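What follows is a set of notes on a single structure, which appears directly below.
The values are calculated or read from the model by the stated rules, or taken from the named source; none is laboratory data. What you are looking at is a predicted structure, and each value in this text was computed from that prediction instead of being measured. No Cβ is skipped: glycine too gets one built from the backbone with ideal geometry, and neighbour counts run over all protein chains shown. Only protein heavy atoms, including side chains, enter the accessible area calculation; ligands, DNA and RNA are left aside. Shrake-Rupley method; radii C 1.70, N 1.55, O 1.52, S 1.80 Å.
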Amino acid sequence: MFETNPINEMRNFLVIFLIFSSITLAKSQSVHDSGPEPSLTIEPFTQKQVQISKVNYFLNEDWQGGLIQLKDDRNVNGYLYRYNIFTDQIELRTVVDPSPVEIISIGVQKFIHSDFLVNEESISSGYFELIVNGDCKLLLRRYIRSNEQDYRVSKILGSSSAAPASTVMKEYYIKKGTEPAVLIDKSKETLLNYLSDKESFKEFLDKKFLLFINENKLIELINYYNKI
């Protein structure tokens, strides 16, 4: 008879879940009945889970809407749930509404949600890793770049048989106050262009020989700017 090791099987797939108690939910994250304490709005997120294990650990693998009734008679809704039979736990899946959020910490990394300039006529918004905090922030934005379009063209032309690929790209931004974040190309000229409002920083940067500006150098320069 075929036997499976549930622990080893569990390592073959990723389950993003949050174990929570009714007390924690009532205090820290909920869309609940009106009360004196402010609440953080968390929006439901729906995504079909990819089955990469032959063992079905869930009563239903799909994330489903539901309702929690707390012992103090308050209701918690706006979340997606599923029951994990193997761990005997109810799992919850959410995405955070960024509008009331100042900073989100995930492990040792901190993130903010900010507007940013796409070009002179367009503004978008998204999440940035907060590298340096202060009146002037140094931010790191990640995005996915795919060669899918180039792949389709080359396939039509018969010039390539390579499969499409995606790459995580990194870009650095600076954000002053409540202004939209601005992309910098890690050059001395760009920093002078955006940070020349402080004459002493401009003089400091003019005197420095900067052939190549890496992240550590950016951190040093933005920290100096904030101290002036």
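List of remarks:
- The heavy atoms of Glu203 offer some 90 square angstrom of accessible surface to a 1.4 angstrom probe.
- Placing R0 at 45 angstrom, the Cβ-Cβ distance between Leu59 and Asn133 gives a FRET efficiency of 0.55 after rounding to 0.05.
- Beyond 22 Å in Cα-Cα separation lie the following of the pairs Lys175/Lys207; Lys110/Lys202; Lys170/Lys208; Lys110/Lys198; Lys137/Lys188; Lys198/Lys227: Lys175/Lys207; Lys110/Lys202; Lys170/Lys208; Lys110/Lys198.
- Extension gain from Thr190 to Ile104, taking 0.36 nm per residue of separation minus the Cα-Cα distance: 28.1 nm
- Global form of segment 171-228, assessed from the alpha-carbon gyration tensor, a/c cut-off 1.5: oblate
- The order of Thr190, Thr167 by accessible area, most exposed first and with a 1.4 Å probe, is Thr167, Thr190.
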